[in-house]
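The values are calculated or read from the model by the stated rules, or taken from the named source; none is laboratory data. Just so we're clear, the structure is a prediction, and the values are computed from it rather than from any experiment. Using ideal geometry, Cβ is built from the backbone for each residue, glycine included, and neighbour counts are taken over all protein chains shown.
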Amino acid sequence: MRIVVKVFWFLGLIFWSFFLFVDSYKLFVLNGLLEVFPFNAAEVTSINVIQDSSHVNIDYVYEVKNRVYKENYRMVNEYYNNCNIDDTIIVMYNNIIPSVSYIEGIPLKNRQVKIGIYTSLFFIVCILLLGKKAMKSRVVRGG
């Protein structure tokens, strides 16, 4: 029983640590922590803004060095209206990693990545605490 608990504890720790690493990388590349990477305005080839009763979908395609990249945003109407986006949507891309982009004035990507980091940290702490308690348990020790 102790081996099974340790295996699941280890797999859970690896699983949530992977998500923590990926989201931390995304935050770093989006300049969420430090201004490390330069961003330029992209040449947008197409942009579609579809607004229904509750959500706004923004799909855009941009080209950098003869490569085409596609991104999309989905957000609630209220959040979109609070961002005060006018008719011109400016797409910014990372000069070093052109597949990383965001829409100027909508901090949605940084927000999503930070939520992912907080969620991963929460589950890592829960797994560490539960694992510590389980290792002390009489059921796991066989006593």
message: Can you find, within region 84-103, the residue that is nearest to residue 11 (Cα to Cα) among those that are among the hydrophobic types (A, V, I, L, M, F, W, C) and loosely packed, with under 15 Cβ neighbours inside 10 Å?
response: 97
message: Step by step: first the residues of region 33-53, then only those that are small (Gly, Ala, Ser) and closer than 24 Å to residue 77 by Cα, then the one that is surrounded by the fewest Cβ atoms within 10 Å (Cβ to Cβ). Which residue is that?
response: 53
- request: State yes or no: is residue 118 surrounded by fewer than 16 Cβ atoms within 10 Å (Cβ to Cβ), at pLDDT 90 or above and out of contact with any helix residue (DSSP H, G or I) (no Cβ under 7 Å at 6 or more places or on another chain)?
  value: yes
Lone unmet requirement of (1) surrounded by 15 or more Cβ atoms within 10 Å (Cβ to Cβ); (2) aliphatic (A, V, I, L, M); (3) over 18 Å from the mean Cα position of the chain (by Cα) for residue 106: (3)
query: Name the pairs: first residue in region 76-96 and over 18 Å from residue 109 (Cβ atoms), second residue at pLDDT 85 or above and assigned to a loop (DSSP other than H, G, I, E, B), Cβ to Cβ under 9 Å, at least 6 apart or on different chains?
result: 77/52; 77/53; 77/54; 86/105
message: over 23 Å from residue 47 (Cα atoms) and of a type in the set (Val, Ile, Thr): is that true of residue 97 in this structure?
response: no
- prompt: All but one of (1) under 14 Å from residue 102 (Cβ atoms); (2) loosely packed, with under 14 Cβ neighbours inside 10 Å hold for residue 29; which doesn't?
  reply: (2)
